[in-house]
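Heads up: the structure comes next, in structure tokens.
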Amino acid sequence: MTKQAFITKSIIPVAGLGTRSLPASKTIPKEMLPVHDKPTVQYIVEEAVNSGLEHIVFITNRDKKSIEDHFDYNLQLEALLAEKNKPELLKAVRDVAEYISIVSIRQKQQKGLGHAILCAKDFIHDEYFAVMLGDDLFFSPVPGIRQLMDVAVQTGKSVIGVMEVEESNVSKYGIIDPIVVDDTDSMIYKVRNIVEKPKQHEAPSRLAVVGRYVLSDKIFDYLETISPSVDGEIQLTDAIQRMAQNEGVLAVKIQGERFDAGDRIEYLLANIHFALQDERLAEQLTTRLLSMLQK
Ligand code: G1P
């Protein structure tokens, strides 16, 4: 059996400062800000669960304790909800503690995304693993990370998730220089090159890395040897670039809708989008939105 046949672990980095969400994130981790009725990080964990992943490693810091608590039992609250006969709420708060096995590792210094992933090295053995970034929320029939896992299992390669972005937005992302491998049902590319946050005129394409990765444990060798680059940080993108040159990396265009929860407008749109999926709210919300827009 090859090592990529089973992908069971996902790293979810949650140690970022969340400056884009200030002042809302001054005392609340940005990952705990709600989209509709759940914290954003719960969408990411549910995507992992729905993709068949079994273990989550949060890369966290001293200010993010509430994230761990959210995925733990709260016996006092559960007793109160049972006493007040609120079975649906009781189920909602208990389920979240029973989703999946979770461990947390502290990133003691803010040295970038690459460094955050490196903090999980001892938890990953001779295997492929997922990385899921908390700002990118997907709404798709097949969960975003599952789309990458399927290609990684089929090909035995590391795979990164990409989507097309506006030309004016390329400098917010890692951008790939793609070679088309398969343009049938799902678009698959070979990564010739990948650049972190290029200037608009230097971007090799409009295909941006959208916070989902399936990587071989070999990535740690590259992360250990690269130097800080963009923003003085150890960039995951630079390690992927080395890996692409030495052993090949694929990119898959993720099918579905994506919301960047760190962006003001997209955060609001994500709230509306997920609330419209809730049949208890959809009709009334639509009426109110339409009347608001007509004013
Ligand atoms: C990170 C990555 C970048 C990627 C982006 C996706 O950047 O470094 O390559 O495109 O996530 O959300 P950040 O948003 O943390 O600056």
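List of remarks:
- Residue in region 122-139 that is farthest from the chain's Cα centre (by Cα), counting only those that are within 11 Å of the ligand (Cβ to nearest atom) and within 15 Å of Leu215 (Cα to Cα): Val131
- Which numbered condition Gly156 misses (of (1) within 16 Å of the ligand (Cβ to nearest atom); (2) farther than 21 Å from Ala116 by Cβ; (3) touching a helix residue (DSSP H, G or I) at 6+ places or on another chain (Cβ under 9 Å)): (1)
- Filter result for Ala15 (of a type in the set (A, V, I, L, M, F, W, C), modelled with pLDDT under 95, at negative phi and over 17 Å from the mean Cα position of the chain (by Cα)): no
- Ala92, sole failed condition from (1) more than 16 Å from the ligand (Cβ to nearest atom); (2) at pLDDT 95 or above: (2)
Conditions (1) among the β-branched types (Val, Ile, Thr); (2) touching a helix residue (DSSP H, G or I) at 6+ places or on another chain (Cβ under 8 Å); (3) within 12 Å of the ligand (Cβ to nearest atom); (4) within 15 Å of Ala152 (Cα to Cα), marked per residue:
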position	(1), (2), (3), (4)
Gly211	no, no, yes, no
Ser216	no, yes, no, yes
Leu223	no, yes, no, no
Glu233	no, yes, yes, no
Asp238	no, yes, yes, no
Met243	no, yes, no, yes
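- Residue match in region 161-178 (condition: touching a residue at least 40 places away in the same chain (Cβ under 8 Å) and more than 16 Å from the ligand (Cβ to nearest atom)): no
- Of the numbered criteria (1) within 27 Å of Gly248 (Cα to Cα); (2) surrounded by fewer than 19 Cβ atoms within 10 Å (Cβ to Cβ); (3) among the acidic types (Asp, Glu), the one Asp136 fails is (2).
- Among residues that are in contact with a helix residue (DSSP H, G or I) (Cβ under 7 Å, 6 or more places away or on another chain), farther than 22 Å from Lys111 by Cβ and surrounded by 13 or more Cβ atoms within 10 Å (Cβ to Cβ), Glu54 is not included.
- Among the residues of region 109-120, those identified as in contact (Cβ under 8 Å) with a residue 24 or more places away in the chain and assigned to a loop (DSSP other than H, G, I, E, B) are Gln110, Lys111, Gly112, Cys119, Ala120.
- Residue under evaluation Asp278, criteria (1) loosely packed, with under 11 Cβ neighbours inside 10 Å; (2) part of a loop (DSSP other than H, G, I, E, B); (3) of a type outside the set (Lys, Arg), criterion not met: (1)
The values are calculated or read from the model by the stated rules, or taken from the named source; none is laboratory data. No experiment lies behind these values; they were computed from the predicted model shown. For neighbour counting, all protein chains shown are included, and Cβ atoms are generated from backbone atoms with ideal geometry for every residue, glycine included.
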